[in-house]
Structure formats: C-alpha cells, structure tokens
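Below is one structure, written out as structure tokens; the observations come after it.
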Amino acid sequence: MAQLSIVSGSVGLITLQNPPVNALSAAVRQGIVDTVEKALSDPKVKSVVIRGQNGVFCGGADIKEFGTKMTGPHLIPMIHAIEAGNKPMVAAIEGSALGGGLELALGCHYRVAHSKARLGLPEVTLGLLPAAAGSQRLPRLIGVPAALNLITTGRHVTAAEALQLGIVDQVTDHDTVDTAVKFALNVAGQSLDARRISTFPCPRPAELDALFEDAMQKVRKSARGAIAPVACVQAVRAAATLPYAEGLERERELMATLFNSGQARALQYCFFAQRAVGRWSTPSGARWDTSKPVPVPKAAVIGLGTMGRGIAVALAQTGLSVVAVETQEKQMMEAKQAVSGMLERGAKRRGVAPVSDKISYSGNIRAVADVDLVIEAVFEDMAVKEKLFQQLSAICKPGALLCTNTSALDVDHLASQTRNPELVVGMHFFAPAHVMKLLEVVYGRRSSTQAVATAMQLGKKMGKVSVAVGNCRGFVGNRMLKPYIEQAFYLLEEGATPELVDRALEEFGFSMGVFRMSDLSGLDVGWRVRKGDGLVEPGLASGPSARVRQGRRYSPLGDLLCEQGRFGQKTGRGWYQYEKPGGRVARSDPWLHSFLEGYRARHGLVARRIDHEEVLERCLYALINEGFHILEDGIAAGPEDIDVIYVFGYGWPRHRGGPMFYAGMVGLAKVLERLEHYHQAHPDVPHLQPCSLLRRLVASGSPPIHKWREVIRKLHSHL
Ligand SMILES: C/C=C(\C)C(=O)SCCNC(=O)CCNC(=O)[C@H](O)C(C)(C)COP(=O)(O)OP(=O)(O)OC[C@H]1O[C@@H](n2cnc3c(N)ncnc32)[C@H](O)[C@@H]1OP(=O)(O)O
C-alpha cells in the first residue's frame, strides 16, 4: 500500500495508499519499507519525496490495529532506515501529518508543507505517547519547551506555526508535491550529515529540573488522573537528559505501560465512539446515510437568556444569518452587549473578523417569518413553550423547522401544539452553548427523517458532536443525572459531607463534583423542576413522610437550601460558601455542616462513616443503571451515544471512556452485584434496582461493549 514512481528523471516519488487518512497499517508499513529499499538501491533515483494519496499525508498509526496482534514491520526501524539512507528524503505534507505520520516526516531529511496542512503528535489524546521516536526527535528539532507543549497537549499546529517552530523547512500555497519534487531536485547529492534529527544534540535549557517540575505539575493538574500526559513529560525528559538510544529505550518502556493501561483503551474507544455517533439511526428506520438534510441559511433564536445568547453566537460563527428575538427590553439590551462581547472574544481567539453583522435583533416574534429554522430558548416552562409553539406554527414559513432547546420537557407534546409536528425536534445545547461541544438532537414520535437529518447536520456545521436521541424526560444526559444527584443527596443524609462526595468524584476524574456543579448551575434550577413535578412540599419539616414523596424515598435537602435563599454561586451560598454573590471559589461552610447535623437529628438519622468507594459506587452505578434503562427503552441507539454525551457534556473523564464503557471495564457482573447489594440496603430507591438489560448482558456472559447492540436488538425483537 505504497507505490514508487520516478518523476522529473531522478526523484523517487513514494505514495502512501490507505484511504481515507493513509493510516500506517501493516500493509502500508510494509509498502514503505519495500519502496524505500527500492528507491535507495535504484541508481536512477537521486532523491525521494514521500506523500500521501488524496491530499492527506498520513493520519498516523492505524488505531484499529491497536487491539490486535502486531504484524508487519515496526515503525521505529522503518523510520530509522529512511533517516539513515544516503539519498535526501523529502516529506510532502498535505492535509494532516499526525502522530506516526509526523514521526515519519521527522525521519525524513526535509519537510515541505502546504499552507493548509495541520501537524501534531496527538498520541496523548489516545492514552499514548509519540513512541515512534517522536518524543526523542521533536525536542531535538524544536527545543524542549515547544516539544513539551505539543506532545503533552496533542494539539495540531498550522503549517505557518510549524514553519515558525522549525518543524517544516518550507510552506507552499501551490501544489505541494510539485514543490517538494523541486526541493528534492535541489538537495540531491548534498551531504545529509546535518539533516538526521536523531543525531542532533537535544538543546538543554537552563533550569532544566525546574522546567520539567513545572511541566509535570501543570499536566498533573489538568490531567484529572490521566497517565499519558505524565508519561509524555517523562519521555521528553529522557530526550533532554539521555543519549538518543537510551532515550528511545525509555520511550519504549513508558509506551509499554501506557499501551496496556485501561486508559489507552478507553481513549481509543472514545475516538471511534465520537465518529460512530455521526452514523445515527432512529427506531423508525431513519438513517444518516439515507436521509437528506435541507439547507439552513437563516435561523432564529427566541429568548436571549444565557442559552439563547450562546446559541445565537454559535449560529452566527457558523456563517448563518441569525434573527435574535427577545420581548423583554432590559434582557434585550443586556443580551446585545453580551453577544457582541462573545463574538469579539471568539473572533480574537480564532484570528478572524467578528461577525456581528450576521445577527439582527427584534422584539417582535413576527421577525422569524422568513427563517428556515427556529431554536426556542425561552424559560423552561411548558405553558410558555406551548404558547410559543402555537405562535410559531402560525407565523413561520412552510417547511421551517421548529426546534426546542428544552433540557427535559416533552418534545412530542410541543410538536402536538403545531400544525406540522413532523417539523419539530429538540436541539438541546449545553451551557455555554457557543463553547460546549455537545448537542443532543431529540427526535419525537412524529419528527420527520429530514428534520432530524437537518438538525444533525446543522450541529455538525456548528462544530458540535451531535447525538440523536429519543424523547423522554431529560433525554439521555439529564435523565441519567437524576439518580446520580439523588444518591449524592442520600449520602449527605446518611453522614457524608458535600466536600467528601465532591472529592471522591473529582479524584475519579470529574471536572467538578456534584455539589460544586450544583452551586455553579444554581440550586433553583432543580428546585423549579421538582416543584413542577409536584415533589416540593414546604410544610413537611420532619417525620418519616417528609422523606417520602410519590411512594419512594425523597431527599428535601436541596429544597430546604433553596427556601433559605441558598441558590449557589449566584447568591454566595449553596452547598458551599463564596466570598460574595457571583464568587467562584467554593469554601467549606460550617453553617451547612450544622444544618446537616440538625436535619439528621430531626429525622432520626444516625450519621455513619462513608468512604470514597461507596460514593463512587452509589452515584456512578445508579447513573449507569439508568443508562441501561435508556438502552433498553431505545432512547439511545447504543452505548457509544451515552458515553459521548457524558464525555462531551457532563465532564465525565475521557480516560475512563464514558459511563457505559466504564461499566464494562469494572465488569458488568460486579456492577450488577453492587446494585443488588445497595438496592437491598435501600429498597425504597427504585433507581438502585438493577435494570433487566444489565441482567441479560451478565447472563449472556458480559459481552464486550461493541457486542451490546446485538443483545439489545434481540431484546427489542422479543418485545
Ligand atoms: C504509537 C502511536 C502512534 C504512532 C500513532 O500514530 S497513534 C495515531 C495518531 N493519530 C491520530 O490521533 C490522528 C487521528 N485522526 C484524526 O485526528 C482525524 O481522523 C484526521 C484529522 C486525520 C482526519 O479528520 P477528518 O477528516 O475529520 O476525518 P475523520 O476523523 O472522520 O476520519 C475519517 C475516517 O478515518 C478513520 N481514522 C482517522 N484516523 C485514523 C487512524 N489513525 N487510524 C485508523 N483510522 C483512522 C476515522 O475513524 C474515520 O473512519 P470512519 O469513522 O469513517 O470509519
């Protein structure tokens, strides 16, 4: 899967052939070994250009091969043979040169890149390090600080930055291969002594120890328990402190540890899961590859609160004309200012001009008459939304899609308020909507294939990871969050503190524990929902019935805090205390601790010692159990959809793969056994009762996650 031809009389042109990204599969590696050998031994060939087919240099090692038995030549000796060869080798980089792709290019003596190319060593994002000598060559080429930055973050750099850093020798706007061939003709016959990066001494910055300590501290802080970034620092340190061959050996050892870690498997699973959700399907038979989205040049956002502002910005940044509607004057004034600030900051970050002219504002809902798609982001109240959908149905042009940004309400009910329910879907964004990558596209019973396809495509255009999900209370993300939060409340009743619960979850890898998160998003949000559900009963201060609602265990702790005006960060008090309303730094609050003691005393609850293991098992397994119910109900098409939603929308640590992948890693039988144990201890908590799909999976031998769909399919065919 690599071909050699001779061009311009004396240049050997090697073309990697493995679409779509020319990943370095065993066949491609063998092809490179063979063609390089041929080119080096052919007296007609004076210099060589290596390029990739179809405008992509190389996307790196073939990730699909990672879980399989290694066959074919190894990358390190293959790249070494290129570097050690006695004819100049020039990498012609178009599209991407990532991971093993860039390492291959670093083995070449020269690199020419197209101005639109992207280069990087993203192995860390797959739980690995650049172990085809990338961790040893890159610091020798561009210095330790820059190499540390690229290798520990995995970020892709533009060709311009690569030139500035010294990764490439030339950038062109013209045909890359033609330019590289000319380059190869020019350097033919020249000495290669100064071009073999592995022979370069690694620049040793002053204060080397301090630099690495600082780098280590930084990655430990941001890695949230991921081990690959730490190993990356160690590998670069080896480059800076050891001779090349010893550094290479250290790279190999570190890689072996990472490769066999569950984290690498989890991160590689996430890579493919993120792509799998794009191949969506619905129970009605609608599919990504057979449905046709309609173009959406003009959209409207209704309601310019926090969510509406973010959505308007995200749409404008995608290039759509946006009509932003807000009926309250004060809110409109604040929104205009906030939106223009967001657009300016976004433009500055991306190095482009702000797109303020893309948004027009109106206080009149009739302004949406000619748009192709409306996203409603008004107050989370069914009566308000019902009325709005009735109005939209009358105002909008025929065929316009009506989307709701509700985070939990019934999309079918909203659709029933319109003349064309097939044009209604949910587009559930996450705050801040112009930043967060996740979008849940909620199809209702009557949503047309075209409506789902259009919302999915718009999400993709907006740079979102869009997941198609069915309609139910809370959809996927928020439905699973409910039992998780509920367990956290129960743990407080039983003797835990917010600090203990949050610490356990943050050590697990969540960006924020449940109580810090609740303080950030506002306790009043859940309070309003519980009120709407008829769960809040302020009169019931004590006695056993105070902790039972609608026939099941209920914790009124959140309601009690709200009754005290403790809404979290915005009021300066919640589960923690803050320096002032709007403060960000959570501090332990003695008031809260004595409040909890008083609460337990009032309800005859005796505090017991609760450890991190119990916090994790109860909170996470309750959430996972709900995930199995969601699969059983057909609300998510597969476990990947749930995992992507949790990783991109809920701060689930990516190196743990998502809740469903994590359940598989822990062992489904263990998850089942612990749920049974906790349900026995808390029979009044239905969320702890193991889902029958989990039982069925365990009974069928706990198949690997990619086989779950078969079990689910069988289950559905029996229903
Ligand atoms: C040791 C480890 C070493 C030496 C490594 O090299 S590890 C691999 C390092 N490389 C990467 O991490 C790059 C991964 N790929 C990407 O970032 C992107 O795919 C891309 C920037 C190269 C292209 O992006 P895009 O154009 O948006 O396309 P997709 O991401 O959708 O990918 C298209 C299909 O190609 C599959 N793919 C991509 N890269 C690889 C790979 N390295 N190995 C195997 N398969 C790869 C990807 O899954 C898509 O497949 P489908 O989903 O369409 O089936």
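Within the range 564-583, residues that are under 16 Å from GLU499 (Cα atoms) and without any contact (Cβ under 8 Å) to a residue 60 or more places away in the chain have Cβ atoms under 8 Å from residues that are among the hydroxyl-bearing types (Ser, Thr, Tyr) and surrounded by fewer than 20 Cβ atoms within 10 Å (Cβ to Cβ) in these pairs: GLY568/SER521; GLN577/SER588, counting only partners at least 6 apart in sequence or on another chain. Residues that are away from the ligand (no atom under 15 Å from the Cβ) and assigned to a loop (DSSP other than H, G, I, E, B): does the range 266-281 have at least one? No, the range 266-281 has no match at all.
Within the set ALA353, ALA316, ALA394, ALA312, the sole residue that is loosely packed, with under 14 Cβ neighbours inside 10 Å and outside any loop (DSSP other than H, G, I, E, B) turns out to be ALA394. Answer with yes or no whether THR15 is assigned by TED's automatic domain parsing to the domain that holds ILE167, among the hydroxyl-bearing types (Ser, Thr, Tyr) and within 16 Å of the ligand (Cβ to nearest atom). In short, no. Could you list, in sequence order, all residues of the range 476-528 that are at pLDDT below 95 and polar (S, T, N, Q)? Correct list: SER511, SER521. Output the residue which, of all residues in the range 108-117 that are crowded, with 24+ Cβ neighbours inside 10 Å and outside any loop (DSSP other than H, G, I, E, B), is nearest to the ligand (Cβ to nearest atom). Looking at the filtered set, the residue picked out is ALA113.
Scanning the range 257-264 for residues that are closer than 26 Å to GLY107 by Cα and surrounded by fewer than 18 Cβ atoms within 10 Å (Cβ to Cβ) turns up at least one hit. Yes or no: the range 172-187 includes at least one residue that is in the same structural domain as THR241 (by TED's automatic domain parsing), closer than 19 Å to GLY59 by Cα, more than 16 Å from the ligand (Cβ to nearest atom) and not acidic (Asp, Glu). Yes, the conditions are met somewhere in the range 172-187. Across the range 128-138, not a single residue is classified as in a helix (DSSP H, G or I) and surrounded by fewer than 23 Cβ atoms within 10 Å (Cβ to Cβ).
Put simply, of VAL177, VAL236, VAL219, VAL230 the only residue that is part of a helix (DSSP H, G or I) and touching a strand residue (DSSP E or B) at 6+ places or on another chain (Cβ under 7 Å) is VAL177.
When PRO20 is tested against the conditions (1) more than 10 Å from the ligand (Cβ to nearest atom); (2) part of a loop (DSSP other than H, G, I, E, B), the lone failure is (1).
Residue-wise test of (1) within 10 Å of the ligand (Cβ to nearest atom); (2) closer than 26 Å to PRO20 by Cβ.
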position: LYS87; (1), (2): no, no
position: LEU106; (1), (2): no, yes
position: LEU119; (1), (2): no, yes
position: LEU128; (1), (2): yes, yes
position: ALA147; (1), (2): no, no
position: GLY166; (1), (2): no, no
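Pairing each residue of the range 21-35 that is more than 13 Å from GLY59 (Cα to Cα) with any residue that is of a type in the set (Ser, Thr, Tyr), provided the two are 6+ apart or on different chains, yields C-beta distances under 8 Å for ALA26/THR71. Within the range 679-707, being surrounded by fewer than 22 Cβ atoms within 10 Å (Cβ to Cβ) and within 20 Å of LEU505 (Cβ to Cβ) holds for HIS682, VAL685. Among the residues in the range 152-169, are any in contact with a His (Cβ under 8 Å, 6 or more places away or on another chain) and not hydroxyl-bearing (Ser, Thr, Tyr)? Looking for residues that are in contact with a His (Cβ under 8 Å, 6 or more places away or on another chain) and not hydroxyl-bearing (Ser, Thr, Tyr), one finds at least one in the range 152-169, hence yes.
Condition first: in a loop (DSSP other than H, G, I, E, B), closer than 16 Å to THR282 by Cα and not basic (Lys, Arg). Can you find one or more residues in the range 450-459 that meet it? Within the range 450-459, not a single residue is in a loop (DSSP other than H, G, I, E, B), closer than 16 Å to THR282 by Cα and not basic (Lys, Arg). Exactly one residue out of ARG275, ARG279, ARG265 is within 30 Å of PHE661 (Cα to Cα) and touching a residue at least 40 places away in the same chain (Cβ under 8 Å): that is ARG265. Could we say that HIS682 is over 13 Å from TYR621 (Cα atoms), within 27 Å of the chain's Cα centre (by Cα) and not charged (D, E, K, R) here? Judged against the criteria, HIS682 is not a match. Candidates in the range 678-705 are the residues that are of a type in the set (Ser, Thr, Tyr) and without any contact (Cβ under 8 Å) to a residue 40 or more places away in the chain; of these, the one that is nearest to LEU668 (Cα to Cα) is SER702.
If you go through the range 30-76 and keep only what is crowded, with 21+ Cβ neighbours inside 10 Å and more than 11 Å from the ligand (Cβ to nearest atom), you end up with GLY31, ILE32, THR35, VAL36, ALA39, SER47, VAL48, VAL49, ILE50, ARG51.
This table checks each residue for (1) out of contact with any strand residue (DSSP E or B) (no Cβ under 7 Å at 6 or more places or on another chain); (2) charged (D, E, K, R); (3) not in a helix (DSSP H, G or I).
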| residue | (1), (2), (3) |
| --- | --- |
| LEU4 | no, no, yes |
| LEU13 | no, no, yes |
| GLY31 | no, no, no |
| ASN54 | yes, no, no |
| LYS64 | yes, yes, no |
| THR68 | yes, no, yes |
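May I ask you to list the residues in the range 359-385 that are in a helix (DSSP H, G or I) and either of a type in the set (A, V, I, L, M) or surrounded by fewer than 18 Cβ atoms within 10 Å (Cβ to Cβ) (or both)?
Within the range 359-385, ILE365, ARG366, ALA367, VAL368, MET382, ALA383, VAL384 meet the criteria.
The listed residues are ARG445, ARG419, and the only one of them that is charged (D, E, K, R), under 20 Å from ARG479 (Cβ atoms) and assigned to a loop (DSSP other than H, G, I, E, B) turns out to be ARG445.
Residues in the range 245-265 that are within 10 Å of the ligand (Cβ to nearest atom) and modelled with pLDDT under 95: PHE259 only.
The values are calculated or read from the model by the stated rules, or taken from the named source; none is laboratory data. Everything numeric in this text was worked out from a predicted model, so none of it was measured. Because the Cβ atoms are built from the backbone with ideal geometry, glycine has one as well, and the counts that use them run over all protein chains shown.
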